[in-house]
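Beneath this line is the structure, given in structure tokens, with notes to follow.
The values are calculated or read from the model by the stated rules, or taken from the named source; none is laboratory data. Treat the numbers as computed from the prediction; the structure is a model and nothing was measured. Glycine also receives a Cβ, built like all others from the backbone with ideal geometry; neighbour counts cover every protein chain displayed.
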Amino acid sequence: MEEDEVFLSILDGLVKKSREEMERTGNLSMENAWPILLKGQYNHIKHLDEDVSRRLVAMDEKIDGLRSEMDQRFDGLRSEMDQRFDGLRSEMDQRFEKMDQRFEKMFGLLTSQTRWMVGTMIAMSGIFMAMIKFMMP
């Protein structure tokens, strides 16, 4: 900014000199036209810079607002998905529990049936052995 002030003070002095020449002679030489042209362009660029800076600040504010809104939406989505997955997990746990109960019931039946079958087979073996022993001389 200090360079701008130095530049403007020099340019203002040259513009003042150019105006004095115009008032004195009624004409403007090319050498004295350049400071006026530079001053006009500098002012134009300065206004453009201020406008761009203002727009960038506004754009940053809009982006921050959009980012905040997106964060809220994603947080809501995350929460909703967590609830759904928790519900699915609970439902699956219940189904697995039912399946476990069915398997336990089936294996319980198989175990008792297996005991009866083994017992029956041992009894039948004993009977066959006794029959073979008595039938053989």
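Against the definition (acidic (Asp, Glu), surrounded by 10 or more Cβ atoms within 10 Å (Cβ to Cβ) and at pLDDT below 90), how does ASP4 come out, yes or no?
Values: acidic (Asp, Glu): yes; surrounded by 10 or more Cβ atoms within 10 Å (Cβ to Cβ): yes; at pLDDT below 90: yes.
It is true that ASP4 is acidic (Asp, Glu), surrounded by 10 or more Cβ atoms within 10 Å (Cβ to Cβ) and at pLDDT below 90.
Scan the range 44-66 and tell me whether some residue there is surrounded by 10 or more Cβ atoms within 10 Å (Cβ to Cβ), in contact (Cβ under 8 Å) with a residue 24 or more places away in the chain, touching an Asp or Glu at 6+ places or on another chain (Cβ under 9 Å) and closer than 21 Å to LEU8 by Cβ.
No.
Within the range 85-115, which residues are of a type in the set (A, V, I, L, M, F, W, C) and either exposed (fewer than 10 other Cβ atoms within 10 Å of the Cβ) or within 48 Å of the chain's Cα centre (by Cα) (or both)? Full working, then the answer.
So the first thing to find is which residues in the range 85-115 are of a type in the set (A, V, I, L, M, F, W, C), and the list is 85, 88, 92, 96, 99, 103, 106-107, 109-110.
Within the range 85-115, PHE85, LEU88, MET92, PHE96, MET99, PHE103 qualify.
Does any residue of the range 21-32 turn out to be under 27 Å from ASP4 (Cβ atoms), among the polar types (S, T, N, Q), over 42 Å from the mean Cα position of the chain (by Cα) and not in a helix (DSSP H, G or I)? Steps first, please.
Our first condition is that a residue be under 27 Å from ASP4 (Cβ atoms); within the range 21-32, this holds for 21-22, 28-32.
Of the ones still in play, those that are also among the polar types (S, T, N, Q) are 29, 32.
Now drop any that are not over 42 Å from the mean Cα position of the chain (by Cα), which leaves 29, 32.
Now drop any that are not not in a helix (DSSP H, G or I), which leaves 29.
Looking for residues that are under 27 Å from ASP4 (Cβ atoms), among the polar types (S, T, N, Q), over 42 Å from the mean Cα position of the chain (by Cα) and not in a helix (DSSP H, G or I), one finds at least one in the range 21-32, hence yes.
Exactly one of (1) closer than 30 Å to GLU3 by Cβ; (2) out of contact with any Pro (no Cβ under 8 Å at 6 or more places or on another chain); (3) not hydroxyl-bearing (Ser, Thr, Tyr) is unmet by LYS17. Its number?
With respect to (1) closer than 30 Å to GLU3 by Cβ; (2) out of contact with any Pro (no Cβ under 8 Å at 6 or more places or on another chain); (3) not hydroxyl-bearing (Ser, Thr, Tyr), LYS17 is out only on (2).
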